[in-house]
Amino acid sequence: MGKATVIPFGPQHPVLPEPLHLDLVVEDERVIEAIPQIGFIHRGLEKLVETRDIHQFIYVAERICGICSFGHSLGYAETVEDLMGVEVPKRAQFIRVILHELSRMHSHLLWMGLAADAFGFESLFMHCWRLRERVLDIFEATTGGRVILSAVCIGGVNRDIENTELKAIVDKLNGIKDEYREITNTFLKDTSIKSRLVGVGHLTKEQAEDLCMVGPFARASNVAYDCRMLGRGAYGDLEGFEPILSDEGDCYARCKVRALEVSQSIDIIEELVSKIPDDGIGSKSKLTPPEGAQASSVLEQPRGECYYYARGNGTKNLDRMRMRTPTSQNLAGMVKALEGCDLADVPMIILTIDPCISCSER
């Protein structure tokens, strides 16, 4: 048995895209314990609710994280709408969910490209990001933005997407299905990829539930929880939504869940476009949050459940706004997955958990 040493890992690393710092307690080449260090890039975004009114803060919420930007603006808007009792037209709800599922595709394709780059498959990385560009083109055509969309307002959406545009979106997504199927087959069947992922960073269903893991990280350990199952907004109009699950609980399973969720998002968008009503997109609410009123909501971000809380004080500014992001929930699971792994597998395990430090440190 070798002597235990502590190795600082991150925040700068050639593979990890996130500024995550860990102290790894190592014996020889095996990790005995991982101690995360977070809180170095605090930006004070939640404090800004005291100086930005409810409509201005939606743009602050959108900048909590670039990749999850639309989801944060949607989660914030839904919470404030609950706070003030604002009804959102069905068409606006459908457009919100369509854009949110496109954001999920954007996030997962970005992650798949980074994962491919991490295990040395550069051409696969380029193919993933090439398809991701198709999604960003849809964003640009419908909202004017490619990452920060500014499409949601409290009461609806800022711009309608015409039925002809929606049909064009479905046609474009159907056009990438065959290419994406080839990419998915490579991720799930290539022996060189499986040698890096299968059996690495294993977590059981019981461990995932005990550590309150969320998102693809949890569903890869067969935890059947997805906030979309709650039927909030247009998700309630879907027929028989079922979360993508895997029971392997390792890095390969996390990759598989995300890969299959991209195809699921395409199916969701196609179904919603075929059902979208024509009752308008709503308008910016002129109400003020009542004093002492409180509301909360949950939203399934690409990385998992995100919790939002708001409290009004009778003015145009909120008294409190709080967000609990999926990375915060999954840090305990990440530490557990790292215990006992080989030092060379640390970047791969962290990457399959897909931490977002920008979300966690607001």
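The values are calculated or read from the model by the stated rules, or taken from the named source; none is laboratory data. Not measured: the values here are computed from a predicted model. With ideal geometry, Cβ positions are generated from the backbone for all residues, glycine too; neighbour counts draw on all protein chains shown. Just so you know, the surface numbers come from the protein's heavy atoms only, side chains and all, with ligands and any DNA or RNA stripped out. Shrake-Rupley method; radii C 1.70, N 1.55, O 1.52, S 1.80 Å.
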Candidates GLY233, GLY240, filtered to the one that is touching a residue at least 24 places away in the same chain (Cβ under 8 Å) and not aromatic (Phe, Trp, Tyr): GLY233
Kindly indicate whether GLU291 is open to solvent by less than 50 Å² (accessible area, probe 1.4 Å), acidic (Asp, Glu), farther than 24 Å from PRO14 by Cα and touching a strand residue (DSSP E or B) at 6+ places or on another chain (Cβ under 9 Å). no
Meets criteria (in contact (Cβ under 8 Å) with a residue 12 or more places away in the chain and either over 18 Å from the mean Cα position of the chain (by Cα) or surrounded by 24 or more Cβ atoms within 10 Å (Cβ to Cβ) (or both)) for ALA220: yes
Check off (1) open to solvent by less than 10 Å² (accessible area, probe 1.4 Å); (2) assigned to a loop (DSSP other than H, G, I, E, B) for ILE67 and give me the number that stays unchecked. (1)
Scanning region 158-177 residue by residue, those within 22 Å of GLY282 (Cα to Cα) and assigned to a loop (DSSP other than H, G, I, E, B) turn out to be ASN158, ARG159, ASP160, ILE161, GLU162
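The rows are residues; the columns are (1) modelled with pLDDT under 95; (2) among the charged types (D, E, K, R); (3) at positive phi.
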position: ASP178; (1), (2), (3): yes, yes, no
position: ILE183; (1), (2), (3): no, no, no
position: SER195; (1), (2), (3): yes, no, no
position: HIS202; (1), (2), (3): no, no, no
position: GLN207; (1), (2), (3): no, no, no
position: ASP210; (1), (2), (3): no, yes, no
position: GLY215; (1), (2), (3): no, no, yes
position: ALA220; (1), (2), (3): no, no, no
Looking only at region 158-184, which residues are among the hydrophobic types (A, V, I, L, M, F, W, C) and open to solvent by 50 Å² or more (accessible area, probe 1.4 Å)? ALA168
Of the residues that make up region 328-349, is at least one touching a Lys or Arg at 6+ places or on another chain (Cβ under 8 Å), open to solvent by less than 10 Å² (accessible area, probe 1.4 Å) and within 24 Å of ARG43 (Cβ to Cβ)? yes
Scan region 104-123 for residues that are open to solvent by 10 Å² or more (accessible area, probe 1.4 Å) and assigned to a helix (DSSP H, G or I) and jot them down. LEU110, LEU114, ASP117, ALA118, GLU122, SER123
Selection count, region 233-262, where residues are open to solvent by less than 50 Å² (accessible area, probe 1.4 Å), outside any loop (DSSP other than H, G, I, E, B) and under 19 Å from LEU109 (Cβ atoms): 11
It is to be established whether one or more residues within region 267-279 are at pLDDT below 95 and either touching a Pro at 6+ places or on another chain (Cβ under 8 Å) or surrounded by 22 or more Cβ atoms within 10 Å (Cβ to Cβ) (or both). yes
Could you please tell me which pairs satisfy a Cβ distance under 6 Å, a separation of 6+ or placement on different chains, a first residue in region 261-288 that is closer than 20 Å to CYS153 by Cα, and a second residue that is among the aliphatic types (A, V, I, L, M)? ILE281/ALA92; ILE281/VAL157; GLY282/VAL88; GLY282/ALA92; SER285/VAL86; SER285/ILE154; LEU287/MET84
Does GLY215 satisfy being in contact with a helix residue (DSSP H, G or I) (Cβ under 9 Å, 6 or more places away or on another chain), open to solvent by less than 10 Å² (accessible area, probe 1.4 Å) and more than 27 Å from ILE98 (Cβ to Cβ)? no
For region 46-54, does any single residue satisfy the condition of being touching a Lys or Arg at 6+ places or on another chain (Cβ under 6 Å) and surrounded by 15 or more Cβ atoms within 10 Å (Cβ to Cβ)? yes
Positions within region 124-157 being over 21 Å from ARG91 (Cα atoms), in a helix (DSSP H, G or I), of a type in the set (A, V, I, L, M) and open to solvent by 40 Å² or more (accessible area, probe 1.4 Å), in sequence order: MET126
Quick check, is PRO14 under 20 Å from LEU338 (Cα atoms), open to solvent by 30 Å² or more (accessible area, probe 1.4 Å) and part of a loop (DSSP other than H, G, I, E, B)? yes
